[in-house]
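No value in this document is a laboratory result; all are computed from the given coordinates. Since this is a predicted model, take the numbers as computed values, not measurements. Here the Cβ positions follow ideal geometry from the backbone for every residue, glycine too, while neighbour counts run over all protein chains shown.
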Amino acid sequence: MEGYLYDYKDAIKARDSNKLLCIRLETSLACNARCEYCFRDSGKPAENEMPYEELKEIVNQAKKLGAKSVVIIGGGEPTIYPHFRELVEHIHSLKMVPVVITNNQKTTKELAEFLFKNNVSVMIKLDSLRDDIQDILTGVKGSGKKIKEGLENLLNAGYRNTKKVKLSGSFVTNKLNIDEVPTIWRFCRDRNMFPNMEIMTPNGRARNHMDWIPNRKEIMDLRYKLLEIDQKEYGYTWVPYMPLTGAGCRQLEYSLCITVEGYARPCAAVLITNLNVRPSNKNGMTLAEVIKDPFIQKARNAWKQLDGKCGKCEYRETYCVGCRGIAFTYALREGKTPFDAIVSEDPYCAKDEKIDISEEKKYDLRC
């Protein structure tokens, strides 16, 4: 999807020149949903959220560092943020691509038209096509129906037939929906939507549902099933080992995630809170300074020091460095320091003997 992911060659170039290709920006933890897997425990605004002018300044800094897009991940629900439209228009005015991650319950026809007019790429929550399951996962009765209505509004606003992929369905894979993932995958492919498969991890409210988290074999088998679907039905083929299924993810090399409180992280799932970038704080760092921080530098260059299977993988210099967020989370739980956790082996890597090494060069990325 345009503005959400970048080719590994561009990622490496940005990494080695201390530049950015995008940032992921939280606006507020206020949310109209209570997703059972939310790693940010979103719902109510945080006590010390950055005001709009500070968010705007951070966007400006990202632009100066070469960023081509801003992914508005909310923390909570971006579309209910009071300055949401101002922020979108500001990003668009800088000739950057606004990318909005939304639970899609507030996407009216008018809002869908606004998003399309401002060249916004939109990633919607699509955990299930079954309303009862979606309502359980979202924590809001009736959310499944509203999500589908919002999607129809987006498709009718112009997202149905864009030349570049501008729409995505995002689903957090867990024990309640794992059987439905192939159906969701086809649903997205049939509508020119990027299927964004994530894996439920033990952070935030997900800690209340540890029994919902799939094991490695379940995820591995699912990835091979999705690869088979793409090869046979859509003419796509891709390396099945990568953490973001169907596409590579090297975002921590070319991106930063900025939290509502003003902390910078290599990506949203690497939960560190010691790099303050608030423009109003006299001790705050600029994004240019953050990129040079020792921890961020280790994250951006993790491919050189990866542990275990990840460190031996031939794809670490091209498509994949594993999911650093998942690796970081599980390594911290094992007692490792943040500096060691960021280069730990990805416990969900699906690489095994199923693919003949001699055939691997035929794979490419289809985002």
With eigenvalues of the C-alpha gyration tensor scaled by 5 and rooted, the stretch 90-191, Å: 25, 14, 12
Listed residues 311, 195, 6: farthest to the positive end of the dipole of the chain (Cβ charges): 6
Dimensions (Å) - the stretch 143-218, Cα atoms, principal axes, largest first: 40, 26, 19
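Counting DSSP beta bridges with both partners in the chain, what percentage is antiparallel, nearest 5?
Numbers: 3 of 33 bridges.
Here the share of antiparallel DSSP bridges comes out near 10 percent.
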Paramagnetic reach from residue 95 (point 7 Å along Cα→Cβ, amide N under 20 Å) across the stretch 17-36: 19-23
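Note the direction-averaged projected area, equal to a quarter of the hull surface, for the Cα convex hull of the stretch 1-136, in nm². Each step should come with its number before you reach the end.
On the way: hull surface 36.4 nm².
Seen from a random direction, the Cα hull of the stretch 1-136 projects 9.1 nm² on average.
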Tail weight of P(r) past 35 Å, computed on alpha-carbon pairs of the chain, percent: 17
Rounded Å value of the spacing that divides the Cα centres of the stretch 123-200 and the stretch 34-49: 21
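Could you work out [θ]222 nm for the chain from helices alone, using -39500 (n - 2.57) per DSSP H run of at least four and dividing by all its residues? Round to the nearest 500 deg cm²/dmol.
-9500 deg cm²/dmol
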Kirkwood Rh in Å, taken over the stretch 31-76 so that all alpha-carbon pairs contribute: 12.5
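Can you sort 289, 77 from fewest to most other Cβ atoms within 10 Å of each residue's own Cβ? If you can, show how the numbers build up before the last one.
Values: 289 14, 77 24.
Arranged by neighbour count, lowest to highest, 289, 77 become 289, 77.
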